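Enquirer: Mind having a look at this structure? Questions to follow.
The values are calculated or read from the model by the stated rules, or taken from the named source; none is laboratory data. Computed from a predicted structure; not experimentally measured. Backbone-built Cβ (ideal geometry, glycine too); neighbour counts: all protein chains shown.
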Number of protein chains: 2
Amino acid sequence: MTHHDLIKNLVQKTDSKILLIVMDGLGGIRTKDRPKTELELANIPNMNQLARESVCGRIMPVSYGITPGSGPAHFSLFGYNPTDDNIQIGRGVLEALGLDMQLQAGDVATRCNFATMDGNGLLTDRRAGRIPTEECVRLCEMLKKNIQKIDDVDVIIKAGEQYRFVVVFRGKNLDGHIDDTDPQVTGVKSLHAHPRSESSKRMAQIADKFIAQANQVLKGEPKANTILMRGFSALPHVPSMKDRYDLTAACVASYPLYRGVASVVGMDVLTTGMEIKDEFETLKAHWAKYDFFFLHVKKTDSYGEDGNPEGKIKIMEDVDRFIPMIRELNPDVIMITGDHSTPPPMKSHSWHPVPFLLHSKVCGIDDAVAFNESECTKGQLSNFPSYYIMELALANAGKLKKFGA
Amino acid sequence: MTHHDLIKNLVQKTDSKILLIVMDGLGGIRTKDRPKTELELANIPNMNQLARESVCGRIMPVSYGITPGSGPAHFSLFGYNPTDDNIQIGRGVLEALGLDMQLQAGDVATRCNFATMDGNGLLTDRRAGRIPTEECVRLCEMLKKNIQKIDDVDVIIKAGEQYRFVVVFRGKNLDGHIDDTDPQVTGVKSLHAHPRSESSKRMAQIADKFIAQANQVLKGEPKANTILMRGFSALPHVPSMKDRYDLTAACVASYPLYRGVASVVGMDVLTTGMEIKDEFETLKAHWAKYDFFFLHVKKTDSYGEDGNPEGKIKIMEDVDRFIPMIRELNPDVIMITGDHSTPPPMKSHSWHPVPFLLHSKVCGIDDAVAFNESECTKGQLSNFPSYYIMELALANAGKLKKFGA
């Protein structure tokens, strides 16, 4: 039997509750210059106490040595092996879902940048001088007014933050296997939409027409006089967490991408604010209504990417102050971890296994005495793939029956 | 190549001997109230000394978070992935094999209870007042005398302990995909044998006829005046340990289920007594004749299920006293572990990885200084699936050739 069937056959509904707190890019590394990781340096007494009452380990989003993007890393946390064929979800779809666009099966979505080109069509700024969001909204309104349809394909445009926006193409026989038009460097022309297969030729032609029309509309703009398209992708069918685990699941996340992933696996995406405090208040306000909660904290990753360990530590300490409030809610299972590591010395995502703790009445308490990389390595879970944490959570919540007699 | 082929191609016959000692439900957990596990509390100097001379780790019977029944957990110890389709073996077959019934391919076996019903056919006791075993033998003789055949299907009956017995149906085109007739509660009628597929309809009709005839035979009985049937199942084809590993294997187990599993994988099931001492004496008496021995101790699990940590500790200490005798036999490989965890605070099987040690001249000695959950976590094998221990044992016994040049 498939692993999927194994779990589905064992799942049972109970009224226990599971909470997953994800600090994005949580994991760090020791280097010669920085002999302690951010988690080792942070003042996080509440998480450390929780670790002493938990079972700990370290999780790998994909496999040994594989650095994941945020999409695959989150699918893995939700129990979906990100290398499965039906989990190959493009960034365009995730971004569209994160902007609360209602996608339909077969839609092709793309992330777009406003950009600047010179008189010869050579790119001079791939982000159009990071124009403010209001400017982005104005430009998107112009595009919307002028481009509603290309051939028989509907064009749906939505502004994002700063220079970013999303375009969704809706029509028959659209295939999203198309390369980015962003050349990743300036001083060259943007690329044509290149189809990766016979079946994506039509969509590539429509994308090229869209770019040509957009260039016309934006011709008079001083900065944002062209666009770049990335992450072409169609919405695949992914079984929901309700289907797989019989969970009513809710997402508390303030950033689009994470709301998007949660939406793909069928979570209710709750309205919340941008601050950590807002997110924990949203969690508390909806506590009675769901049996699984995913709470996402973004800025540990952002500071990691900036190479700013102090900033990352500060966010960890901010989150730590909400742990007592969480424990008062009395979840049957608490998991705290990250989607991947973002070590400040690397200023990027990395493959290093991420500290993980799971607390329940029957988790089994191990020898880890704090919540950080080295202590979690002493934990009884060892290193294991992130996509097993949901099964552990279900087991600890009494939601998995025995397999066989 | 499949994993199965990989191993089969590398196996070589030698005169080395492997001993696997399984303490059922061995693993435990620390909780807030009980900060040490039973293995951590037990006085087991011989196993602790052995751990210091062994490689240690913790094994998972199925996967993260999956709590196994005893059948799947034992198949895994013998190197059979219990989620493989051909390892889905029903309880009826296991119980029949455990009672030393000689099954043939295509036989359908069921576990039966004698039960009590009132004048309206409503169940009043699903175990017939737990009648003594002698009574069960007498009633089974009555059934045997009166029911030998239903249509063209042979009916083979064997008494078990107390109110339990086994019925095997032997004939053409029998399919065991049939639901239990035991409704699991009293105050209602027993259920009809419900076929789960078109192909099991015939077997379901025969089972219903058997129940009707049995009710006639038992009509005058004060307690055991009806029967309940569970675990309908046919004997599948499972490659033997001889086929897979070229091992002549023997089982020393006093409980039916474990003898049954051993028989399915082709072990000789040795006659032994109910006490731990009997089992170790049986092992010693047959030591010269086999190159693989499986010795099973039941009561660690029973006490775990009772929530009796002291009872569980006592059994561990009883087993410990036989370790010196084992070491005098000088096995090339000794493995000590459990099939799954049965933590007394949970009073049930659980998913927690099970302490494991393997001793050989070339095992590699690690930092685990005792045989328990936390020390085995420090062992060099880390957590891994139980179905790899046989390969480790073969390697340590010099029974696996090099792969490739």
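Enquirer: Can you tell me which residues in segment B:373-387 are part of a helix (DSSP H, G or I) and touching a helix residue (DSSP H, G or I) at 6+ places or on another chain (Cβ under 9 Å)?
Expert: If the condition is that a residue be part of a helix (DSSP H, G or I) and touching a helix residue (DSSP H, G or I) at 6+ places or on another chain (Cβ under 9 Å), then B:GLU373, B:SER374, B:GLU375, B:CYS376, B:SER386, B:TYR387 are the ones that fit.
Enquirer: Here's another thing I want to ask about it. Being closer than 30 Å to B:LEU381 by Cβ, free of Cβ contacts under 8 Å to residues at least 40 places away in the same chain and small (Gly, Ala, Ser) narrows it down to one residue among A:SER386, A:SER360, A:SER341; which is it?
Expert: That would be A:SER360, the only listed residue that is closer than 30 Å to B:LEU381 by Cβ, free of Cβ contacts under 8 Å to residues at least 40 places away in the same chain and small (Gly, Ala, Ser).
Enquirer: So which of B:ASP5, B:ASP24, B:ASP33 is within 30 Å of B:LYS289 (Cβ to Cβ) and surrounded by fewer than 18 Cβ atoms within 10 Å (Cβ to Cβ)?
Expert: After applying the criteria, what remains is B:ASP5.
Enquirer: May I pose another question? Out of A:THR14, A:THR31, which single residue is of a type in the set (S, T, N, Q) and closer than 28 Å to A:THR248 by Cβ?
Expert: Matching residue, one of A:THR14, A:THR31: A:THR14.
Enquirer: Identify, from the list A:MET325, A:MET346, A:MET335, the residue that is among the hydrophobic types (A, V, I, L, M, F, W, C) and surrounded by fewer than 16 Cβ atoms within 10 Å (Cβ to Cβ).
Expert: None of the other options fit; the residue is A:MET325.
Enquirer: Look at segment A:183-208 and say how many of its residues are part of a loop (DSSP other than H, G, I, E, B) and exposed (fewer than 14 other Cβ atoms within 10 Å of the Cβ).
Expert: Count: 6.
Enquirer: Examine segment A:32-39 for a residue that is in the same structural domain as A:TYR258 (by TED's automatic domain parsing), touching a Lys or Arg at 6+ places or on another chain (Cβ under 7 Å) and touching a residue at least 60 places away in the same chain (Cβ under 8 Å), and state whether such a residue exists.
Expert: yes
Enquirer: Moving on. In the set A:PRO345, A:PRO355, which member is more than 30 Å from B:ASP85 (Cα to Cα), in a loop (DSSP other than H, G, I, E, B) and either in the same structural domain as A:PHE75 (by TED's automatic domain parsing) or touching a Lys or Arg at 6+ places or on another chain (Cβ under 7 Å) (or both)?
Expert: A:PRO345
Enquirer: Restricting to segment A:106-124, and then to whatever is of a type in the set (A, V, I, L, M) and farther than 17 Å from A:LYS219 by Cα, can you tell me which residue is farthest from the chain's Cα centre (by Cα)?
Expert: Only one residue fits best here, namely A:VAL108.
Enquirer: Taking the condition away from every other protein chain (no Cβ under 12 Å), over 15 Å from A:VAL11 (Cβ atoms) and of a type outside the set (A, V, I, L, M), does A:SER350 pass?
Expert: Here the answer is yes, as A:SER350 does meet what is asked.
Enquirer: Additional query: Give the residue, chosen from B:ALA212, B:ALA224, B:ALA250, that is in the same structural domain as B:GLY273 (by TED's automatic domain parsing) and either modelled with pLDDT of 95 or more or of a type outside the set (Asp, Glu) (or both).
Expert: It is B:ALA250.
Enquirer: Another question, then. What pairs can you find where one residue is in segment A:249-270 and under 21 Å from A:PRO236 (Cβ atoms), the other is among the aromatic types (Phe, Trp, Tyr) and part of a helix (DSSP H, G or I), and their Cβ atoms are less than 7 Å apart, with a gap of 6+ or different chains?
Expert: A:VAL261/A:PHE75
Enquirer: While we're here: Six or more apart or on different chains, Cβ atoms under 6 Å: show the pairs whose first residue is in segment B:210-228 and over 13 Å from B:ALA128 (Cα atoms) and whose second is among the polar types (S, T, N, Q) and assigned to a helix (DSSP H, G or I).
Expert: Correct list of pairs: B:VAL217/B:ASN146.
Enquirer: Pull up segment B:354-405, narrow it to residues that are within 14 Å of another protein chain (Cβ to nearest Cβ) and of a type in the set (A, V, I, L, M), then point me to the one that is surrounded by the fewest Cβ atoms within 10 Å (Cβ to Cβ).
Expert: Residue satisfying both the conditions and the ranking: B:VAL369.
Enquirer: Can you work out which of the residues in segment A:1-39 that are among the polar types (S, T, N, Q) and over 25 Å from the mean Cα position of the chain (by Cα) is nearest to the other protein chains (Cβ to nearest Cβ)?
Expert: Per the stated criteria, the residue is A:THR2.
For (1) among the charged types (D, E, K, R); (2) assigned to a helix (DSSP H, G or I), each residue gets a yes or a no:
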residue	(1), (2)
B:HIS4	no, yes
B:LYS8	yes, yes
B:SER16	no, no
B:LEU20	no, no
B:ARG34	yes, no
B:GLU40	yes, yes
B:ASN81	no, no
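Enquirer: When you scan segment B:76-99, do you find a residue that is surrounded by fewer than 16 Cβ atoms within 10 Å (Cβ to Cβ) and away from every other protein chain (no Cβ under 14 Å), even just one?
Expert: no
Enquirer: Can you tell me which residue is surrounded by the fewest Cβ atoms within 10 Å (Cβ to Cβ) among those in segment B:108-158 that are in contact with a helix residue (DSSP H, G or I) (Cβ under 6 Å, 6 or more places away or on another chain) and polar (S, T, N, Q)?
Expert: Restricting to residues being in contact with a helix residue (DSSP H, G or I) (Cβ under 6 Å, 6 or more places away or on another chain) and polar (S, T, N, Q), the top hit is B:ASN146.
Enquirer: OK, next. Considering only segment A:159-182, how many residues are closer than 16 Å to A:ASP107 by Cβ, part of a loop (DSSP other than H, G, I, E, B) and touching a helix residue (DSSP H, G or I) at 6+ places or on another chain (Cβ under 9 Å)?
Expert: Residues that pass the stated criteria total 6.
Enquirer: Out of everything in segment A:48-59 that is closer than 13 Å to A:GLU373 by Cα and buried (at least 24 other Cβ atoms within 10 Å of the Cβ), what residue ends up being farthest from the other protein chains (Cβ to nearest Cβ)?
Expert: For segment A:48-59, the residue satisfying everything is A:ALA51.
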